[in-house]
Amino acid sequence: MRNIMLFFFFLFFSSVAIAIDNSKIMGVCFHPEKLNIDNSEIFTLLKKYHFDSYRTDYRWQYVEVRKGEYKVPNSRLDQLIEESNKNGITPVIILGYKNPLYGREKPNDELTRIAFVNYVNWVVNRYKNYKVIYEIYNEWWSKDIKGYNLDGIVASANSYLELIKDTSSKIRSIAPGAKIIAGSLNPLDRRHVYWVEVMMQNGLMDYINGISIHPYSVNGPQKDFEKIDSFEQRISKEFNHGKMVDIYITEMGYSKSAKGKIDDVEQEQYTREYINMVNSKDYVKGIWWYQLINEKNASEYESNLGLLNSDLSEKSIMKGFMSR
């Protein structure tokens, strides 16, 4: 009898461990350089609100300020990344954007892509011994998708895919176990869906572990997830041999500004429903809420997406997020 009880005891705790291992990543976005708190306070907040990841930029133009010379953008960001794993936190590093040393455009042409990959090489080598998720660029489609110009959408998708191929190859040669994600599209917009489908047709999933999405909306979560479900099912069936495509929601949020169109009560309710929906979807591997703390301007849309006020007091939306 004692052996039987021990068997069920270990079986129970093994199942608990497995459930924990398979939990969603719950993350948040912030710009360290815009926060008036130090790194230790950042980690205190992340632990207090049970975040196990954060997402932030690691901008090319601040890494390579002279051609062929590379440095950390600032010591604070470097220290934050290096101390994250010790605090049980996994950083998502955004590899981007333009660099004026190489012109005014995105890395579209071969020479600029080579320069971009050299920057990636330096970044990944610096953090190769840490658990890091790399996101290749952020919202590449911005300014490319105007109206329904299909030729423009295809051109944008093709140039982005070339960057993804080269960047992914470099990352995997240095840190084979690192997760790589890309896309940062809004699946609620048909133009964005077509854009990513062009890349899927040309082998996107050979180069990344999952697709990142930014499904900003002022609709109820149930309505939005009907479209997100349809998006994931279609790209899995049509472009990934029926195999589930992992989705990473690397930005989502509700603004308290007038443009946000959602009041405090709705924000709390919508956020609670949204996190419940995330937890119910096998294909969603994580969510990074935009953003942790309100930024300075009290009236602008993007300054009012925080879960906390600028003085670190809780907004009602945090109650919805913490209901998970």
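The values are calculated or read from the model by the stated rules, or taken from the named source; none is laboratory data. On a predicted model such as this, the values are computed, not experimentally measured, just so you know. When we count neighbours, we look across all protein chains shown, and the Cβ atoms used for this are built from the backbone with ideal geometry, even at glycine. The protein model used for the area step is the full one, side chains on, heavy atoms only, and it has no ligands, DNA or RNA in it. Shrake-Rupley method; radii C 1.70, N 1.55, O 1.52, S 1.80 Å.
The mean of 1/r over all pairs of different alpha-carbon atoms in the stretch 49-208, once inverted, gives a Kirkwood hydrodynamic radius of 16.4 Å. With all protein chains kept in place, the per residue accessible area of the chain amounts to 48 square angstrom at a probe of 1.4 angstrom. Between Arg190 and Asn297, the contour length at 0.36 nm per residue exceeds the Cα-Cα span by 35.3 nm. Summarising the label geometry, the points placed 7 Å from Cα in the beta-carbon direction at Thr44 and Glu314 lie 1.7 nm from one another. Rounded to the nearest 0.05, what FRET efficiency do Tyr283 and Leu101 give with R0 = 45 Å and r taken as the Cβ-Cβ distance? Could you check? The computed FRET efficiency comes out at 0.70. Per-atom-type breakdown for the stretch 72-166 gives carbon and sulfur 47% of the accessible area (1.4 Å probe, protein chains only). Helix content alone sets the calculated 222 nm mean residue ellipticity of the chain: runs of n ≥ 4 DSSP H residues at -39500 (n - 2.57) each, divided across all residues, give -14000 deg cm²/dmol. Across all C-alpha atoms in the stretch 186-324, the radius of gyration and Dmax reach 16.1, 49 Å. Counting only protein heavy atoms and a probe of 1.4 Å, the accessible surface of the stretch 216-324 is 45% carbon and sulfur. Shown is the FRET efficiency for Lys67 and Asn129, computed with R0 = 22 Å from the Cβ-Cβ distance and rounded to the nearest 0.05: 0.20.
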